[in-house]
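The values are calculated or read from the model by the stated rules, or taken from the named source; none is laboratory data. Predicted model only: the values in this text are computed from it and were never measured. Here the Cβ positions follow ideal geometry from the backbone for every residue, glycine too, while neighbour counts run over all protein chains shown. Quick note on the areas: whole protein, heavy atoms, side chains included, nothing else; ligands and nucleic acids left out. Shrake-Rupley method; radii C 1.70, N 1.55, O 1.52, S 1.80 Å.
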Amino acid sequence: MKILVPVKRVVDYNVKVRVKSDGTGVETAGVKMSMNPFDEIGVEEAVRLKEKGVATEIIAVSLGVAACAETIRTALAMGADRGILVESDADLQPLAVAKLLKAIADKEQPGLIILGKQAIDDDMSATGQMLAALLGWSQGTFASELTVDGGNLTVKREVDGGMETIVLTLPSIVTTDLRLNEPRYASLPNIMKARKKPIETVKPEELGVDVTPRLTVVSVAEPPKRQAGVKVGSVAELVAKLKTEAKVI
Amino acid sequence: MTVLVLLDHEAGVIKQPSRSAVAAASKLGEVHVLVAGQGVQAAAAAAGKLPGVAKVLLADDAAYANALAEPMSALLVSLASGYSHLLAATTAVGKNIMPRVAALLDSQPISDISGVVDADTFVRPIYAGNAMATVKSSDAKKVITVRAASFDPVAAEGGSAAVEAVAAVASPAVSRFVSAELSKSERPELTAARVVISGGRGMQNGDNFALLDPIADALGAAVGASRAAVDAGFVPNDYQVGQTGKIVAPELYIAVGISGAIQHLAGMKDSKVIVAINKDEEAPIFSVADYGLVADLFSALPELAAELKNA
């Protein structure tokens, strides 16, 4: 079974983002970029399925500017076999990304596609579910455990208030939650090997997908700032202030 | 303009985040709601009592018993023709289903809105709430999830909408529910609690979370945790408050042994009053706290429990 793993290039999770002064977006020039952490979990899970003999080939796909090739290299260094870069300078929104990924899935015929449950830049949490809809496949979102058994996939999902187990008929879409696994660090020899792995580049037009954004960003603003309050000297003072000043207890 | 809201319900009760979604929908037009499930007449009746709801659609069928994404999205798509907007709360159910619905309608979903500007324009947090984007949709049908903490929920009683049964729609059986393991708790749900007390890495282990219990009991609080505490295995993931967990905005939020990573602040900074207890006085959590107590939590927590008990 082939596994497709979409990986997104995002502002590194340790970076404190700054809103641009003209209100058009956030500052990304000169900012450290990394693979979306949830996508890293997706790559790791695919590699583990290959190590178990369930997967035969792992294809990492990234969509966006030419530099997304670096994100694909990271996936290749973790153990993916080859990469596909859908190169575009356009603002690729989840619906367009899902359509592009569908076009790739139609060609590659994977049995499983593993995506992050959300990207930490736009926080949309939509692409996996949308891709499942477009392909007409089953979906297991927010997964914390996967078991492939013949034509079935058992997924333990994180839901409000606990966990849920569902069984899906393959092919399926899975989106990863935090506890699915802990991604490995690529070893130096694997980073070297990854340089030789192939990355194919395609354009949205070649895939026949119109990527015109459906959402226009009117403005991006700083959230309202919270002021730091006071330090209290003791538990007794804290309780007194909560009672008489804040009046919340 | 008529808006359809998919409701989350449990044991005949409409969940609070869905009542916030109804509040958001009321800003857009006439509100219809959908209750789907098996044997859910009681929930449909409860939905009819929500103020501002004009009609309740009831889809009562075994196919919807566990809110699986594939049949639920097929149902919503079958109902979509009469509506300009389809909404749900940003819950595990809403997040799972609504983007699937959107793709089937060739619409770009607008996730987790925190504000309604007009029928096409919405405010939503990006980058873990470090920026607020105002976005305008050009899609004919808008598919939206609503950040419950940003909209005061409508009351549970006061309305009297009629219930109309809708037929189940065929959908290929590609998914099957097996089981659910839900945390048993007498406490309120995190997203609905008036008071939340959360522990972080400073709690040191899962057993120490018991130190939060008497305080939670005294205040009627829900217990939460930072991602660091979840990652360390102290508590289950459904305790997680933050960008990748639950977003809460209670009247009182007490952060214990939590340093205050951006990802955590994203989930609780809209709380009305924030209390931080941390032994590191440089911890970033103090920069958003209304009341900060620099103290060792292992002495402060029992003391706080005793103070509240005496009160």
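How high is the FRET efficiency from residue B:119 to residue A:145, r the C-beta distance, R0 51 Å, rounded to 0.05?
Taking R0 as 51 Å, the efficiency between residue B:119 and residue A:145 is 0.75.
So who's got an amide H within less than 5 Å of the one on residue B:34, skipping anything under 5 residues away but keeping other chains? H placed 1.01 Å off N, in plane.
Close amide H contacts, sequence-distant or interchain: B:5, B:6, B:7, B:57.
So with the 1.4 Å probe, I'd like the accessible area per residue for the protein assembly as shown, rounded to whole Å².
39 Å²
What is the distance in Å between the Cα centres of region A:155-169 and region B:184-205?
22 Å
For region B:26-97, rounded, prolate or oblate, judged on the Cα gyration tensor with a ≥ b ≥ c (square roots of eigenvalues), a/c < 1.5 rounded, else prolate if a/b > b/c?
oblate
Taking every DSSP beta bridge that has both residues in the protein assembly as shown, what percent is antiparallel when rounded to the nearest 5?
Antiparallel bridges make up about 35 percent of those DSSP assigns within the protein assembly as shown.
Which listed residue (B:283, B:170, B:300) has the Cα farthest towards the positive end of the charge dipole for the protein assembly as shown, taking +1 on Lys and Arg C-beta and -1 on Asp and Glu C-beta about the Cα centre?
So the residue we want is B:283.
Calculate the translational D of the protein assembly as shown in whole µm² s⁻¹ from Stokes-Einstein, where the hydrodynamic radius comes from the Kirkwood formula applied to all Cα pairs, the temperature is 20 °C and the viscosity 1.002 mPa s.
Approximately 89 µm²/s, per Stokes-Einstein.
Round to the nearest 0.05 the FRET efficiency obtained for residue A:152 and residue A:201 when R0 = 30 Å and r is the Cβ-Cβ distance.
0.30
Enumerate the helices in chain A for which the Kyte-Doolittle hydropathy averages -1.0 or more and the C-alpha atoms extend at least 18 Å along the helix's axis, using complete DSSP H runs.
Span-like helices, by this rule, are A:37-51, A:94-108.
Here are some pairs, A:107/B:136; A:2/A:196; A:99/B:141; A:156/B:279; B:184/B:246; B:15/B:309; which of them have Cα atoms lying more than 27 Å apart in this structure?
Distance filter (> 27 Å) returns A:107/B:136; A:156/B:279; B:15/B:309.
Could you tell me which of A:86, A:218, A:33 has its Cα farthest along the dipole of region A:2-244 towards the positive end, charges placed at Cβ (Lys, Arg +1; Asp, Glu -1), taken about the Cα centre?
A:33
Taking the Cα centre of region A:2-244 as origin, work out the dipole magnitude from +1 charges on Lys and Arg Cβ and -1 charges on Asp and Glu Cβ, in debye rounded to 20.
620 debye
How about residue B:49: which aspartates and glutamates have a C-alpha closer than 16 Å to its C-alpha, ignoring those fewer than 8 places off in the same chain?
Hits, sequence-local ones excluded: B:8, B:10, B:30, B:157, B:164.
Which trypsin sites (Lys or Arg not before Pro) from region A:7-98 combine a DSSP loop assignment with at most 16 other Cβ atoms within 10 Å?
When the trypsin sites (Lys or Arg not before Pro) of region A:7-98 are filtered for loop state and at most 16 Cβ neighbours within 10 Å, A:16, A:18, A:20, A:32, A:52 remain.
Along the charge dipole of region A:2-244, which of A:96, A:181, A:130 sits closest to the positive end, that is, farthest toward it, with unit charges on the beta carbon of Lys, Arg, Asp and Glu (+1, +1, -1, -1)?
A:181
Taking a label point 7 Å from the Cα of residue B:231 along the Cα→Cβ vector, which residues of region A:8-39 have an amide N closer than 12 Å to it?
Hits in region A:8-39 for residue B:231 at 12 Å: A:13-14, A:37-38.
Please figure out what share of the DSSP beta bridges in chain B is antiparallel and state it in percent, rounded to the nearest 5.
20 percent
First check a/c for chain B, with a ≥ b ≥ c the square roots of the eigenvalues of its C-alpha gyration tensor; if it is under 1.5, answer rounded, and if not, answer prolate when a/b is larger than b/c or oblate otherwise.
prolate
Testing the spin-label approximation: label points 7 Å from Cα along Cα→Cβ at residue B:170 and residue B:140. State their distance in nm.
Label-label distance for residue B:170 and residue B:140, simple model: 2.5 nm.
As an exercise, identify the trypsin sites (Lys or Arg not before Pro) in region A:174-214 lying in DSSP coil whose Cβ has no more than 14 other Cβ atoms within 10 Å.
A:195, A:196
If you average the C-alpha positions of region B:35-104 and of region B:214-277 separately, how far apart do those two centres end up, in angstrom?
Using only Cα atoms, the two centres lie 30 Å from each other.
Post the alpha-carbon centroid distance, region B:122-172 to region A:111-142, in whole angstrom.
Between the Cα centres of region B:122-172 and region A:111-142 lies a distance of 19 Å.
State to the nearest 20 debye the size of the charge dipole of chain B about its Cα centre, where the only charges are +1 on K and R beta carbons and -1 on D and E beta carbons.
For this selection, approximately 600 debye.
To the nearest 20 Debye, how big is the dipole of the protein assembly as shown about its Cα centre, given +1 on the beta carbon of each Lys and Arg and -1 on that of each Asp and Glu?
Here the protein assembly as shown has a charge dipole of around 460 debye.
Which residues does the label zone of residue B:204 cover in region B:236-259, counting backbone N under 20 Å from a point 7 Å along Cα→Cβ?
Residues passing the 20 Å test: B:236, B:255-259.
Just to confirm a number: summing +1 for Lys and Arg and -1 for Asp and Glu over residues other than residue A:234 whose beta-carbon lies under 10 angstrom from that of residue A:234, what do you get?
The answer is -3.
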